[in-house]
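As structure tokens, the structure follows; a few thoughts come after it.
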Amino acid sequence: MTEADLDELADRIVKMLTTTDFYEGMGSGISEIGKNYGYLAYGFIDTDSRSSREREVERLIRAIHKGIVSRDKIIEAITRIFNIFNRNVSEAKKEAIYNKVAGGLVGGFIVSQAVMITSKRIGNMPKVSTAMVYYVLLLGGMMDRAIYRSRSLREQNPEVYSELRRDDLDLLFFLFEDQVEPLVEAIKMRRTYGAGMFNNLIDKVEYRMK
């Protein structure tokens, strides 16, 4: 990853934390008819994974009936991703980065408050109607999409997948995937390139948040 790549990723993280227009596309996954049909069509020809997908469909239906489709669950999933990202950031750096988001709080409340503010900002976007999600998840295309995006997350970012897989929150990932992409990319970057490059990224984010 080049220095320019780090700069671009730092810019996206800062934008995610500080601007509301970053979330304008939130919930568009529900209405992307063409993409949903694409996953449905792929599901028909993907015979190699049919049995595993059938098990995932059963898991998704159980999760829906247990109440997975709610704003609280979406916010919880986003918060877990933040927590993974924050594990590798020093307390001093976290306070410096999140102080602006938390509205000038001091001490130990800065990080938790900032994470909650940002998670709720994403999870409460008006385009995400949990009633709508409940019903469309029972449709073939959306169901296949939820399953395939969960599988992709498992392959591309197992740390995030493992954290969301508890309580079946990985099946909601496609709803807010674009909005948390900078954090997920940073977590993957640390695993791929090591702590040194990740710390360089955090320095860039901190500088931009001053």
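For the condition free of Cβ contacts under 8 Å to residues at least 60 places away in the same chain, under 15 Å from Phe82 (Cβ atoms) and in contact with a helix residue (DSSP H, G or I) (Cβ under 9 Å, 6 or more places away or on another chain), what is the one hit in Asn157, Asn199?
None of the other options fit; the residue is Asn157.
Checked against (1) at pLDDT 95 or above; (2) closer than 24 Å to Glu3 by Cβ; (3) surrounded by fewer than 21 Cβ atoms within 10 Å (Cβ to Cβ); (4) not aliphatic (A, V, I, L, M), Lys210 passes all but a single condition, namely (1).
Of the helices (runs of 4 or more DSSP H) lying entirely inside region 1-65, those containing at least 2 residues that are touching a Pro at 6+ places or on another chain (Cβ under 7 Å) and either modelled with pLDDT under 60 or closer than 27 Å to Tyr98 by Cβ (or both) span 3-18. A count restricted to region 109-127 and to residues that are closer than 14 Å to Ile97 by Cα, at pLDDT 80 or above and either aromatic (Phe, Trp, Tyr) or crowded, with 21+ Cβ neighbours inside 10 Å (or both) stands at 3. Quick one: in region 156-178, of everything that is under 19 Å from Met142 (Cα atoms) and of a type in the set (Asp, Glu), which residue is surrounded by the most Cβ atoms within 10 Å (Cβ to Cβ)? Among those that are under 19 Å from Met142 (Cα atoms) and of a type in the set (Asp, Glu), it is Asp170.
Arg87 falls short on exactly one of the conditions (1) buried (at least 19 other Cβ atoms within 10 Å of the Cβ); (2) modelled with pLDDT of 90 or more, and that condition is (1).
The values are calculated or read from the model by the stated rules, or taken from the named source; none is laboratory data. Just so it is clear, the model here is predicted, and its values are computed rather than measured. Note that each Cβ is placed from the backbone with ideal geometry, even for glycine, and that neighbours are counted across all protein chains shown.
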